[in-house]
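Note sheet for the following structure.
The values are calculated or read from the model by the stated rules, or taken from the named source; none is laboratory data. Owing to the predicted nature of the structure, the values given are computational and were not obtained by experimental measurement. Virtual Cβ from ideal backbone geometry, glycine too; neighbours counted across all protein chains shown. To get the accessible areas, we keep the full protein, side chains included, count just its heavy atoms, and leave off ligands, DNA and RNA. Shrake-Rupley method; radii C 1.70, N 1.55, O 1.52, S 1.80 Å.
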Amino acid sequence: MSTRFKTRHLMLALATIALTACGGGANPNPGDGSGGGGGDNGGVGSGDGSIVNEAGVQLRSLSYTDSGNWQYKVHMQTLDDATADSNGYFARTEQYSRSVEGAPQNWDFGPDPERADDLFWNGQQWRTCPLGYRTTLGAARSGSRPFNYCDMYATGSESILRTDVSGQTMSSVIFDIRTQPGGDGFVMFDDYGPSNLGVLGTTTFPTGSERHDVLRTVDEFAPRYTDSADNQLRAYNANIAAGGVDGSNPAPACTQLDNSTTIDQISTVASNLEQLIGVARGTPCIFTQRTNASGTSLPSHEWWEPSTVEFGELPGVDVRPAGTGDFYAETPSLRVAFADASQVTYYECLRTSPIWSNPVSIRNCTSLGTGTYTIEVLGDARVMSFLNQPTRFKSLNEERVLIERDGRVAAGIRERAGVRDASGFNDIATEALFRQMLIPLPVPQ
């Protein structure tokens with residue numbers, strides 16, 4: 001294979017997912033996986049590199065408020081990228097860009113810039129995907145072509161429906177994209193393009209402009225994780241995780257905590273998977289009913305955080321029980337607890353609404369079923385995956401994996417394989433659209 005497919009240091013996202021430690025804060029549903037958020041379903045495939053000499057910049061995702069506040073994703077090809085090498089391969093780079101109050105930022109590997117340096121397993125080593133890395137593309141056959149995104153992070157195939165939009169107004173084409181369901185990158189289709197289509201005026205696309213609708217089938221994603229202290233899981237002390245009923249004799253340790261108790265006093269950073277398996281057993285600490293300025297808890301006020309591990313949050317589902325006001329947040333936390341013989345129980349849990357300085361807390365979990373876990377050795381890491389997930393869990397775009405490496409355990413993800421789509425434009429239409437909105441056009445390198 002040509003050396004142009006090797007790493008070039010020229011140039012994720014979630015929405016993606018903000019991974020949290022066991023017992024620490026909220027973990028949003030990982031976006032659409034473009035996701036990278038995230039993660040990075042939006043990072044794989046489009047811009048037909050199988051056509052000779054198709055160099056340029058192809059837009060794949062766009063959100064725009066004004067000339068100083070926008071975000072986009074593009075795929076780029078140099079002339080060399082767009083020409084097949086001796087093995088019949090093509091290449092492209094991609095770039096995510098965001099401007100906030102006129103300060104632009106560029107990155108690769110998913111729509112969340114905070115996760116652009118995520119580590120993933122490519123079959124031989126744990127590595128990152130630096131800005132400017134070449135994605136490998138095969139020749140198109142029967143309208144579809146294979147891709148290998150960032151050295152085996154994701155593999156699959158893609159096809160493009162090309163529509164000539166020459167002479168059509170930019171606003172009418174963007175409006176048509178907005179009628180589609182779904183989304184790509186960090187933009188849902190109904191929010192695609194300028195928030196105010198009036199900035200496009202009556203400007204039309206020049207001759208040679210094409211709209212690209214991309215159908216992408218991802219066969220497999222690699223596991224990945226953020227290598228940061230905030231993403232390390234904590235194992236609660238066994239006497240705290242054991243739970244118990246407040247008022248029993250002797251009183252359980254978890255009921256003796258007060259506002260001065262710190263997380264470091266009741267938990268430690270997990271050094272291996274067995275530590276978590278041993279304490280996260282689904283044994284809540286049960287208090288009597290509570291009332292605050294937001295509302296009233298259920299009669300049995302249960303604290304599940306120490307004895308479960310977070311899988312993800314499920315947005316768009318209001319699980320607040322009747323009669324509790326805003327004591328609980330709308331979005332549930334999906335969590336797991338361990339049992340013997342590699343068994344797990346899957347839970348949907350309530351989360352308290354943040355009030356004053358009190359953090360979100362995991363309360364009152366309901367079992368959604370049981371499954372199993374597996375642990376495999378990948379290089380110098382051990383990776384736990386969860387099987388037989390219930391429907392609620394499968395609705396997340398990313399699934400949880402726990403990654404033990406370098407003497408600690410990280411909350412990792414694996415994006416779900418499947419079919420996703422994207423909408424954008426070829427180089428001629430992209431350049432014209434960017435010029436109209438006063439966005440600097442990136443240059444393929």
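Take Leu161 and tell me if it is open to solvent by 30 Å² or more (accessible area, probe 1.4 Å), of a type outside the set (Lys, Arg), touching a His at 6+ places or on another chain (Cβ under 8 Å) and assigned to a strand (DSSP E or B). Break it down stepwise before answering.
Values: open to solvent by 30 Å² or more (accessible area, probe 1.4 Å): yes; of a type outside the set (Lys, Arg): yes; touching a His at 6+ places or on another chain (Cβ under 8 Å): yes; assigned to a strand (DSSP E or B): yes.
So Leu161 fits the description; yes.
For region 61-114, name all the residues that are basic (Lys, Arg), under 19 Å from the mean Cα position of the chain (by Cα) and either farther than 27 Å from Ser228 by Cα or open to solvent by 10 Å² or more (accessible area, probe 1.4 Å) (or both).
Filtering region 61-114 for residues basic (Lys, Arg) gives 73, 92, 98.
Going one step further and asking which of them are under 19 Å from the mean Cα position of the chain (by Cα), we end up with 73, 98.
Result: Arg98, single match.
Condition check: out of contact with any helix residue (DSSP H, G or I) (no Cβ under 9 Å at 6 or more places or on another chain) and outside any strand (DSSP E or B). Does Gly156 satisfy that?
Working: out of contact with any helix residue (DSSP H, G or I) (no Cβ under 9 Å at 6 or more places or on another chain): yes; outside any strand (DSSP E or B): no.
In short, no.
Which is within 20 Å of Met384 (Cα to Cα) and not hydroxyl-bearing (Ser, Thr, Tyr), of Arg216, Arg211, Arg224? Walk me through it before giving the result.
Numbers: Arg216 fails: within 20 Å of Met384 (Cα to Cα); Arg211 fails: within 20 Å of Met384 (Cα to Cα).
Checking each option against the conditions leaves just Arg224.
Output the residues belonging to region 120-137 that are small (Gly, Ala, Ser) and open to solvent by less than 10 Å² (accessible area, probe 1.4 Å).
Gly132, the sole residue that qualifies.
Just checking, which of Ala293, Ala238 is modelled with pLDDT under 95 and open to solvent by 20 Å² or more (accessible area, probe 1.4 Å)? Full working, then the answer.
Working: Ala238 fails: modelled with pLDDT under 95.
The conditions single out Ala293.
Which of the helices (runs of 4 or more DSSP H) contained wholly in region 224-303 include at least 1 residues that are under 27 Å from Asp380 (Cβ atoms)?
Values: elements: 238-241, 263-266, 273-279.
Where helices (runs of 4 or more DSSP H) fall fully within region 224-303 and carry at least 1 residues being under 27 Å from Asp380 (Cβ atoms), they are 273-279.
So that you can scan it fast, the table gives a plain yes or no per residue for (1) surrounded by fewer than 18 Cβ atoms within 10 Å (Cβ to Cβ); (2) more than 27 Å from Pro206 (Cα to Cα); (3) not hydroxyl-bearing (Ser, Thr, Tyr):
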{"residue": "Asp118", "(1), (2), (3)": "no, yes, yes"}
{"residue": "Ala154", "(1), (2), (3)": "no, yes, yes"}
{"residue": "Gly167", "(1), (2), (3)": "yes, no, yes"}
{"residue": "Ser172", "(1), (2), (3)": "yes, no, no"}
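Can Asn249 be described as open to solvent by 50 Å² or more (accessible area, probe 1.4 Å), over 25 Å from Tyr328 (Cβ atoms) and of a type in the set (S, T, N, Q)?
Working: open to solvent by 50 Å² or more (accessible area, probe 1.4 Å): yes; over 25 Å from Tyr328 (Cβ atoms): yes; of a type in the set (S, T, N, Q): yes.
So Asn249 passes the test.
With Tyr96, Tyr89 as the choices, which residue is in contact with a helix residue (DSSP H, G or I) (Cβ under 9 Å, 6 or more places away or on another chain) and under 16 Å from Arg60 (Cβ atoms)?
On the way: Tyr89 fails: under 16 Å from Arg60 (Cβ atoms).
Exactly one residue qualifies, and that residue is Tyr96.
Can you tell me which residue among Thr308, Thr324 is open to solvent by less than 50 Å² (accessible area, probe 1.4 Å), at pLDDT 95 or above and in contact with a Phe, Trp or Tyr (Cβ under 7 Å, 6 or more places away or on another chain)?
Working: Thr324 fails: in contact with a Phe, Trp or Tyr (Cβ under 7 Å, 6 or more places away or on another chain).
Step by step, each of Thr308, Thr324 is checked, and only Thr308 is open to solvent by less than 50 Å² (accessible area, probe 1.4 Å), at pLDDT 95 or above and in contact with a Phe, Trp or Tyr (Cβ under 7 Å, 6 or more places away or on another chain).
So which residues in region 200-220 are surrounded by fewer than 20 Cβ atoms within 10 Å (Cβ to Cβ) and either more than 18 Å from Val165 (Cβ to Cβ) or aromatic (Phe, Trp, Tyr) (or both), if there are any at all?
Our first condition is that a residue be surrounded by fewer than 20 Cβ atoms within 10 Å (Cβ to Cβ); within region 200-220, this holds for 201-204, 206-208, 213, 215, 217, 219-220.
Once the filter is applied, which keeps residues that are surrounded by fewer than 20 Cβ atoms within 10 Å (Cβ to Cβ) and either more than 18 Å from Val165 (Cβ to Cβ) or aromatic (Phe, Trp, Tyr) (or both), region 200-220 yields Leu215, Thr217, Asp219, Glu220.
In region 277-284, is there at least one residue being loosely packed, with under 15 Cβ neighbours inside 10 Å, closer than 30 Å to Gly123 by Cα and modelled with pLDDT of 95 or more? Outline the logic, then answer.
Of all residues in region 277-284, those loosely packed, with under 15 Cβ neighbours inside 10 Å come to 278.
If we keep only those that are closer than 30 Å to Gly123 by Cα as well, we get 278.
Then keep just the ones that are modelled with pLDDT of 95 or more; that gives 278.
Checked against the condition, which is being loosely packed, with under 15 Cβ neighbours inside 10 Å, closer than 30 Å to Gly123 by Cα and modelled with pLDDT of 95 or more, region 277-284 yields at least one hit.
Restricting to region 353-389, name every residue that is modelled with pLDDT of 95 or more, hydroxyl-bearing (Ser, Thr, Tyr) and surrounded by 18 or more Cβ atoms within 10 Å (Cβ to Cβ).
Looking only at region 353-389, we keep the residues that are modelled with pLDDT of 95 or more, and these are 362-389.
If we keep only those that are hydroxyl-bearing (Ser, Thr, Tyr) too, we end up with 366-367, 370, 372-374, 385.
Listed by number, the list holds a single entry, Tyr373.
When you go through (1) at pLDDT below 95; (2) not in a strand (DSSP E or B) one by one for Thr136, which number turns out not to apply?
(2)
Which residues, counting only those in region 311-320, are open to solvent by 30 Å² or more (accessible area, probe 1.4 Å), out of contact with any Phe, Trp or Tyr (no Cβ under 6 Å at 6 or more places or on another chain) and not hydrophobic (A, V, I, L, M, F, W, C)?
Result: Pro315, Gly316, Asp318.
Could you run through region 129-158 and say how many residues are among the β-branched types (Val, Ile, Thr) and under 15 Å from Gln95 (Cα atoms)?
So in region 129-158, the residues among the β-branched types (Val, Ile, Thr) come out as 135-136, 155.
Next, only the ones that are under 15 Å from Gln95 (Cα atoms) stay: 135.
Result for region 129-158: 1.
Restricting to region 206-238, name every residue that is among the acidic types (Asp, Glu), under 16 Å from the mean Cα position of the chain (by Cα) and closer than 21 Å to Pro146 by Cβ.
Of region 206-238, the ones among the acidic types (Asp, Glu) are 210, 213, 219-220, 227, 230.
From what is left, the residues that are under 16 Å from the mean Cα position of the chain (by Cα) are 220, 227.
Listed by number, the list holds a single entry, Glu220.
Looking only at region 431-444, decide whether some residue is crowded, with 24+ Cβ neighbours inside 10 Å and under 16 Å from Gly193 (Cα atoms). So that I can check it myself, show each step before the final result.
Residues of region 431-444 crowded, with 24+ Cβ neighbours inside 10 Å: 433.
Then drop every residue that is not under 16 Å from Gly193 (Cα atoms), which leaves 433.
Looking for residues that are crowded, with 24+ Cβ neighbours inside 10 Å and under 16 Å from Gly193 (Cα atoms), one finds at least one in region 431-444, hence yes.
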